[in-house]
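Okay, so here's the structure we're looking at.
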Amino acid sequence: MSKNILAIGAHSDDVEFGCYGTLIKHKHRGDNITIVIMSKGDVKHPVSKKILRSESESISESIQSAKLFGFKLIQFDYTDTKIPFTVDTISDLERIIVNSNIDTIYTHWGGDTHQDHINTLNSSIAAARMINNVLCYEQIPIPRVSINYPVANYYVDISDVMNKKIEACLCHKSQVDKYLDSGLDMIEGLSILAKYRGNQIGVKYAEAFDLLKMVS
């Protein structure tokens with residue numbers, strides 16, 4: 001019996017870097033995948049105000065990535081860097097959960113210090129309070145300060161789809177280029193993280209999750 005999967009990200013590249021390998025494996029098993037992105041606005045540098053990713057880039061990159069595997073994509077219109085944790089964000093997610101009969105949710109992990117990620121996680125948990133399976137994916141591999149590291153208590157072997165995950169991440173050229181300009185290679189970091197998690201369970205590549213709830 002197929003499952004109905006919902007993956008939630010604050011920004012257009014979060015789900016790809018966090019759990020796309022797992023989503024691809026769900027798709028291979030015949031599960032239905034919906035991706036919700038909370039924002040699609042312009043991304044500006046907080047100091048220089050330089051546009052780092054335009055709204056059109058954000059939308060087109062998300063569409064390109066989702067089309068690779070036939071995932072359903074929904075993009076909300078909350079403002080980047082100002083995504084709230086309110087009854088509106090909870091209700092928007094809850095409508096999708098009910099209308100799509102969602103039984104499994106992937107969202108941001110706790111301990112993050114990005115305000116959009118924090119509020120998206122809180123909105124997700126509130127909306128998913130009656131859902132049987134809720135998992136939190138890891139922070140994308142950049143040196144951002146964290147309050148605490150996630151508990152890696154659930155792993156998925158993505159060795160056979162790692163190349164597909166990288167292909168999806170590369171759709172987000174604006175983000176990859178942004179970090180390259182500051183000396184950070186996100187794709188290299190992603191591969192190192194996946195190898196590390198894979199080593200923990202004796203495979204080549206893996207994604208790790210903080211499992212909040214699972215009902216088998």
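Every residue in the stretch 199-216 that is under 19 Å from the mean Cα position of the chain (by Cα) and surrounded by 17 or more Cβ atoms within 10 Å (Cβ to Cβ), please. Matches in the stretch 199-216: Y205, A206, E207, A208, F209, D210, L212. If you filter the stretch 81-123 down to residues that are of a type in the set (D, E, K, R) and under 15 Å from the mean Cα position of the chain (by Cα), you find that the one that is farthest from L212 (Cα to Cα) is D116.
Restricting attention to the stretch 63-83, does a residue exist that is touching a residue at least 60 places away in the same chain (Cβ under 8 Å) and touching a Phe, Trp or Tyr at 6+ places or on another chain (Cβ under 7 Å)? Checked the stretch 63-83: no residue is touching a residue at least 60 places away in the same chain (Cβ under 8 Å) and touching a Phe, Trp or Tyr at 6+ places or on another chain (Cβ under 7 Å).
For the stretch 69-90, give me each residue that is modelled with pLDDT of 95 or more and of a type in the set (D, E). Result: D88, single match. Does at least one position in the stretch 163-176 carry a residue that is touching a residue at least 24 places away in the same chain (Cβ under 8 Å), under 23 Å from K67 (Cα atoms), hydroxyl-bearing (S, T, Y) and touching an Asp or Glu at 6+ places or on another chain (Cβ under 8 Å)? Looking through the stretch 163-176, at least one residue is touching a residue at least 24 places away in the same chain (Cβ under 8 Å), under 23 Å from K67 (Cα atoms), hydroxyl-bearing (S, T, Y) and touching an Asp or Glu at 6+ places or on another chain (Cβ under 8 Å). Against the numbered list (1) assigned to a loop (DSSP other than H, G, I, E, B); (2) in contact with a Phe, Trp or Tyr (Cβ under 6 Å, 6 or more places away or on another chain), K204 comes up short only at (2).
Condition check ((1) closer than 30 Å to K204 by Cα; (2) touching a helix residue (DSSP H, G or I) at 6+ places or on another chain (Cβ under 9 Å); (3) among the aliphatic types (A, V, I, L, M)) across all residues:
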| residue | (1), (2), (3) |
| --- | --- |
| N99 | no, no, no |
| S124 | no, yes, no |
| E138 | yes, yes, no |
| R144 | yes, no, no |
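The combined condition, being at pLDDT below 95 and not in a helix (DSSP H, G or I), is fulfilled by M1. Among the strands (runs of 3 or more DSSP E) confined to the stretch 59-159, the ones with at least 2 residues that are more than 28 Å from Y179 (Cβ to Cβ) are located at 133-137.
Yes or no, residue by residue, for (1) at pLDDT below 95; (2) more than 16 Å from the chain's Cα centre (by Cα):
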{"site": "I125", "(1), (2)": "no, no"}
{"site": "R129", "(1), (2)": "no, yes"}
{"site": "Y137", "(1), (2)": "no, no"}
{"site": "N148", "(1), (2)": "yes, yes"}
{"site": "I166", "(1), (2)": "no, no"}
{"site": "H172", "(1), (2)": "yes, no"}
{"site": "D181", "(1), (2)": "yes, yes"}
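Being buried (at least 24 other Cβ atoms within 10 Å of the Cβ), acidic (D, E) and touching a strand residue (DSSP E or B) at 6+ places or on another chain (Cβ under 9 Å), is that true of even one residue in the stretch 16-31? Checked the stretch 16-31: at least one residue is buried (at least 24 other Cβ atoms within 10 Å of the Cβ), acidic (D, E) and touching a strand residue (DSSP E or B) at 6+ places or on another chain (Cβ under 9 Å). Listed by first and then second residue, the pairs linking a residue in the stretch 123-143 that is β-branched (V, I, T) to a residue that is assigned to a loop (DSSP other than H, G, I, E, B) and modelled with pLDDT of 95 or more, with Cβ atoms under 6 Å apart and 6 or more places separating them unless they lie on different chains, are V134/A128.
Residues of the stretch 117-158 that are among the β-branched types (V, I, T) and surrounded by 18 or more Cβ atoms within 10 Å (Cβ to Cβ): I118, T120, I125, I131, V134, I140, V156, I158.
The values are calculated or read from the model by the stated rules, or taken from the named source; none is laboratory data. Please read these numbers as outputs of a predicted model, since none were measured by experiment. Positions of Cβ are backbone-derived with ideal geometry, glycine not excepted, and every protein chain shown enters the neighbour counts.
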